[in-house]
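Contents: one structure, followed by commentary.
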Amino acid sequence: MSEAFHFYEPARGHGLPHDPFKAIVAPRPIGWISSVAEDGTYNLAPYSFFNALNAAPPMIGFSSYGHKDSVSNIEQSGEFCWNLATRELAEAMNRSSAPVAPGVDEFELAGLATAPSRVIDAPRVARTPVSFECRLCHILRLESADGTPTDNWLVIGEVVGVHIAQDMLVDGIYDTARAEPIMRAGGPADYFSVSEAQRFRMQRPE
């Protein structure tokens, strides 16, 4: 390891061609979130600040820079659906990230069919192998360490319904690599996928 380090204080700028923070905390799973507006318009948007937050009950969360359509829809409806972004669906996922007007249906924009959920009204991406139906727990406006409000909104939902394609289960166990999930990485356009070649196993110490 090099003894030389590039050090910076984020509030003073990083002094590099591209912000390294997102590249360091990477790869990050994608929160591909579907919701419904008050007028019934479907919304679909990917968020790279996303992860699982709790196991029992299962909870997931994503952070939105700006009070965007997804946040507004979820605030109004109290529900949303998470859809697994896979290598096969990467281009469609990317198209759904386009900055369009609130009345635009990103399912149509991305050329994606919807599938009905079982316990909520928000639709699922029909072609994804995994979806989580979620009910809203919290919407929190994030604050800096000194208490200054930011324009970032953390949405946390409880998973109340899980859809898994049967061919993703091997002897009843979900096979992560088989789904080929994609994740956001550093730089303006970098992504990674998961494959069987990357798998290794470690048992927890007893």
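The values are calculated or read from the model by the stated rules, or taken from the named source; none is laboratory data. Remember, it's a predicted structure, so these values are computed and weren't measured experimentally. Glycine gets a Cβ as well: all are built from the backbone with ideal geometry, and neighbour counts include every protein chain shown.
Given the conditions (1) in a loop (DSSP other than H, G, I, E, B); (2) in contact with a helix residue (DSSP H, G or I) (Cβ under 9 Å, 6 or more places away or on another chain); (3) at pLDDT below 95; (4) among the hydrophobic types (A, V, I, L, M, F, W, C), which single one is not true for F200?
Result: F200 fails condition (2) only.
Mind counting the residues in segment 123-173 that are touching a residue at least 12 places away in the same chain (Cβ under 8 Å), over 21 Å from F107 (Cβ atoms) and acidic (D, E)?
3
Please go through segment 158-170 and pick out each residue that is part of a strand (DSSP E or B) and touching a Lys or Arg at 6+ places or on another chain (Cβ under 6 Å). Quick ask: steps written out before the conclusion?
Our first condition is that a residue be part of a strand (DSSP E or B); within segment 158-170, this holds for 158-164, 169-170.
Residues satisfying the conditions are E158, V160, G161.
Just to verify a result, which residue in segment 101-110, among those that are within 26 Å of F192 (Cα to Cα) and under 19 Å from the mean Cα position of the chain (by Cα), is surrounded by the most Cβ atoms within 10 Å (Cβ to Cβ)? Talk me through it step by step, then tell me what you get.
First, the residues of segment 101-110 that are within 26 Å of F192 (Cα to Cα): 106-110.
Filter once more, keeping what is under 19 Å from the mean Cα position of the chain (by Cα): 106-107, 109-110.
On the way: E106: 22, F107: 20, L109: 15, A110: 18.
Ranking the qualifying residues of segment 101-110, first place goes to E106.
Restricting to segment 112-138, what's the tally of residues that are surrounded by fewer than 20 Cβ atoms within 10 Å (Cβ to Cβ) and either touching a helix residue (DSSP H, G or I) at 6+ places or on another chain (Cβ under 6 Å) or under 13 Å from S35 (Cβ atoms) (or both)?
Number satisfying all stated conditions: 4.
Which ones in segment 84-114 are polar (S, T, N, Q) and closer than 18 Å to S64 by Cβ? Explain how you work it out, then say what you get.
Initial filter on segment 84-114 (polar (S, T, N, Q)): 86, 94, 96-97, 114.
Scanning segment 84-114 gives N94, S96, S97.
Only one residue in I182, I164 is under 15 Å from the mean Cα position of the chain (by Cα), more than 19 Å from I74 (Cβ to Cβ), surrounded by 10 or more Cβ atoms within 10 Å (Cβ to Cβ) and modelled with pLDDT of 95 or more. Which one?
I182
Given (1) under 28 Å from N43 (Cα atoms); (2) surrounded by 10 or more Cβ atoms within 10 Å (Cβ to Cβ); (3) free of Cβ contacts under 8 Å to residues at least 24 places away in the same chain, identify the lone condition not met by E196.
For E196, the exception is condition (1).
Can you name the residue in segment 78-100 that is of a type in the set (G, A, S) and touching a Leu at 6+ places or on another chain (Cβ under 8 Å) and, of all such residues, is farthest from G111 (Cα to Cα)? Spell out how you get there, then give the answer.
Taking segment 78-100 and keeping what is of a type in the set (G, A, S), we get 78, 85, 90, 92, 96-98.
If we keep only those that are touching a Leu at 6+ places or on another chain (Cβ under 8 Å) too, we end up with 78, 92, 96, 98.
On the way: G78: 26, A92: 7, S96: 9, A98: 13 Å.
Selected residue: G78.
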